[in-house]
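Here the structure comes first, spelled out in structure tokens, and everything after it is commentary.
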């Protein structure tokens with residue numbers, strides 16, 4: 001009886017989208033130049049239908065993608081956790097201040113040749129990633145129940161449907177080349193011209209900026225570009241960005257993400273701070289949402305992200321422990337860690353006023369285990 005090979009490749013889901021798992025070991029990823037990303041137990045996948053990152057997970061199957069949105073909205077982490085969940089090789093890049101990408105393709109290094117140290121050019125990280133991750137497997141050993149040629153052909157066809165290149169190299173040993181995810185973070189801070197040809201879907205070529213030589217990019221390689229702006233700018237958020245090239249936009253798909261939903265934000269906070277009550281988590285979440293609204297209404301060049309929310313909770317926990325006060329008082333006092341970004345007192349006061357309704361009085365100090373501190377100094381003011 002013919003085996004259903006489509007069930008033999010391990011699958012998982014990401015944001016509710018079925019995705020194939022790559023059978024590479026951690027050492028194979030390292031040897032192949034991939035970053036090794038650990039799956040975060042704090043990461044929350046929003047499986048609500050039609051949410052932006054679920055759409056992005058579908059889009060990246062077919063095309064390169066730019067993910068834009070406010071700072072701290074989870075753009076970079078989406079690509080990183082996609083690689084962690086699937087085991088797919090990933091290469092991570094950030095532009096430097098000059099936006100120079102030449103060292104990504106080829107770089108100069110010192111090597112020894114016949115006992116003499118000389119200067120030589122070697123492949124850069126981007127060029128290596130564009131060639132894919134190579135692993136070797138005896139397919140019969142992976143799938144012991146598979147012992148027919150029909151099964152083997154179907155399995156190879158299934159691998160190829162995921163853009164894995166499969167070649168027989170020695171009896172039953174197969175060379176499997178798996179395309180990388182190449183994530184370029186803060187891509188709107190530099191010119192993407194050197195990557196123009198690399199984003200031409202199914203005709204991808206990588207050009208050496210020094211020699212002009214063009215190299216093919218392995219089919220199935222996917223570029224993820226993240227940034228805080230689109231072709232129409234950053235929406236007045238005060239980001240350091242360059243004008244996006246419309247011709248580059250035509251070579252990729254794009255998705256705009258917003259801050260996570262209230263429910264997802266609560267889940268992230270509660271996973272990282274399980275000692276807090278549901279009420280306390282709810283207060284923090286309502287506060288961060290209110291602060292974002294103030295930023296939008298007053299056109300303030302600040303975006304209170306979930307990242308800042310996590311930092312705020314962490315500071316509040318430290319304040320609570322040090323001062324011996326209740327969590328709500330600690331949360332109120334540690335708000336300075338956010339309002340401190342403003343030079344104008346009036347702007348800081350806008351924030352304090354926006355959350356005052358949520359930070360209800362809970363000012364009586366709890367007994368402090370340190371006998372040197374009899375009460376909370378703040379509570380005595």
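FYI, it's all coordinate maths here, none of it is from the lab. Worth saying up front: this structure is predicted, and the values here are computed from it rather than measured. Using ideal geometry, Cβ is built from the backbone for each residue, glycine included, and neighbour counts are taken over all protein chains shown.
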Ordered by fewest other Cβ atoms within 10 Å, a rough proxy for footprinting exposure, 318, 334 read 318, 334
Listed with the fewest Cβ neighbours within 10 Å leading, 352, 48 appear as 48, 352
Quick calc: nm separation of the 7 Å Cα→Cβ label points for residue 297 and residue 94 -> 3.5 nm
One finds the C-alpha centres of the range 271-294 and the range 178-214 to be spaced, in Å, by 40 Å
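Can you give the FRET efficiency for residue 43 and residue 341, using 1/(1 + (r/R0)^6), R0 = 25 Å, r = Cβ-Cβ distance, to the nearest 0.05? Don't skip to the answer; put the middle values down first.
Working: r = 26 Å, r/R0 = 1.05.
E(calc), rounded to 0.05, equals 0.40.
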The FRET efficiency for residue 162 and residue 263, from their Cβ-Cβ distance with R0 = 30 Å and rounded to 0.05, is 0.40
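With an 8 Å Cα cut-off and a minimum separation of 6 or more residues, compute the relative contact order for the range 5-256 in percent. All intermediate terms of the calculation are to be shown ahead of the outcome.
Numbers: 442 pairs, mean separation 60.8, N = 252.
RCO, the range 5-256: 24 percent.
Between residue 173 and residue 219, what is the FRET efficiency for a Förster distance of 30 Å, r being their Cβ-Cβ separation, to the nearest 0.05? Don't jump to the answer; show the numbers that get you there.
Values: r = 23 Å, r/R0 = 0.75.
Rounded to the nearest 0.05, the efficiency is 0.85.
Which order do peptides 320-327, 72-79, 109-116, 291-298 fall in by mean Cβ count within 10 Å, highest first?
Numbers: 320-327: 19.4, 72-79: 22.8, 109-116: 7.9, 291-298: 15.6.
Ranked from most to least packed, the peptides come out as 72-79, 320-327, 291-298, 109-116.
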Going fewest to most other Cβ atoms within 10 Å around each Cβ, 258, 253 line up as 258, 253
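Mind checking the full-extension length gain between residue 203 and residue 275? Use 0.36 nm per residue of separation minus the Cα-Cα distance, one decimal, nm. Don't skip to the end; give the middle numbers.
Details: separation 72, 0.36 × 72 = 25.92 nm, distance 5.22 nm.
Gain in length upon complete extension: 20.7 nm.
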